[in-house]
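Shown next, in structure tokens, is the structure this report addresses.
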Amino acid sequence: MDLVDKNIENYVESLSDSESPLLKEISGYTHENVHQPRMLSGHIQGRILSFISKIISPKNILEIGTYTGYSALCLAEGLKDDGRLITIDKDKSLYETVNLFFKKSKFEKNIKQKVGIALEIIPTLDVKYDLVFIDADKKNYKNYFDMVIPKLNKGGVIIVDNVLWSGKVTQLDKYQNDKIAVYMNEFNNYIKNKKKISKLILPIRDGLTLIIKNED
């Protein structure tokens, strides 16, 4: 299910900022060589990630779910000059390829890749973050949120991907056997009932939730 008409999406892409040549290279590589290329953030979502990061101008960014590095490079566009982005993924097979992409960028020294289980790595990170992007295994979205919110500075932002899951979260009677649709609906309601944060779901691509931490 497309949340936005394809003609509108094409129009928006044509009149928005372009992808960099490196991002286009990553997109092409992903679609040609990597399983489930739909997981890639893509042009417009990537520009949104970049825009939010540029508005915040974060010193520290945490990304949960590296995939092929596209979203990390978009988020890095807003980093302070001495800022740092840590990105975590459990898939060892993509590490070297993604590392080569990072080395081609001007953010090579700002990005640190970590391979392993995010639920085990996050507690070891002794850093306060200004921006967090969650785009990994959907079953653990609630756990990721609970782990990162104490590590987020007041006023910091969490971006969560895939929260509408192709619109299936609105038709659970029809898609009750789609576990991810169920997980995402549970997560969305979990966030709705959380205090001390502001939250907004945007019907962009597969759904993005923006969360601001209002209080420690």
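The values are calculated or read from the model by the stated rules, or taken from the named source; none is laboratory data. Source: prediction; values computed, not measured. Here Cβ is always computed from backbone atoms with ideal geometry, including for glycine, and neighbour counts include all displayed protein chains. These accessible areas exclude ligands, DNA and RNA; they are computed on the full protein's heavy atoms, side chains included. Shrake-Rupley method; radii C 1.70, N 1.55, O 1.52, S 1.80 Å.
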Measuring from label point to label point, each 7 Å out along Cα→Cβ, what is the residue 109 to residue 197 span in nm? 3.4
Fully extended contour minus Cα-Cα distance, from residue 91 to residue 24, at 0.36 nm per residue: 21.9 nm
Kirkwood Rh in Å, taken over the range 65-149 so that all alpha-carbon pairs contribute: 13.3
Cα coordinate range in the chain, projected on the principal axes (Å, largest first): 46, 43, 33
Mean residue ellipticity at 222 nm from the helices of the chain, using -39,500 (n - 2.57) per DSSP H segment of n ≥ 4 over the full residue count, to the nearest 500 deg cm²/dmol? -11000 deg cm²/dmol
Beyond 28 Å (Cα-Cα) in this structure, taken from 139/213; 59/168; 6/194; 6/192; 59/114, we find 59/168; 6/194; 6/192
Cα-based Rg (one decimal) and Dmax (whole number) for the range 15-78, in Å? 11.7, 34
Per residue value of the accessible surface for the chain (all protein chains in place, 1.4 Å probe), Å²: 53
Compute from the Cα atoms of the range 21-124 the Rg and the Dmax, the latter being the longest Cα-Cα distance, and quote both in angstrom. 12.9, 36
Ranked from the most accessible area to the least, with a 1.4 Å probe and all protein chains present, what is the order of 88, 149? 149, 88
Per the 1.4 Å probe, what fraction of the accessible area of the range 78-216, in percent, lies on carbon and sulfur atoms? 50
What translational D, rounded to a whole number of µm²/s, comes out for the range 74-123 from Stokes-Einstein when the hydrodynamic radius is the Kirkwood one over Cα pairs, at 25 °C and 0.890 mPa s? 211
Can you give me the P(r) profile for the range 101-202? Cα pairs, bins 10 angstrom wide beginning at 0, each as a whole percent. 13, 40, 32, 14, 2
Return the loop-located chymotrypsin sites (Phe, Trp or Tyr not before Pro) in the range 1-80 (DSSP other than H, G, I, E, B) with at most 15 other Cβ atoms within 10 Å of their own Cβ; answer none if there are none. none
For the range 10-54 and the range 56-110, what is the separation of their Cα centres, given in Å? 14
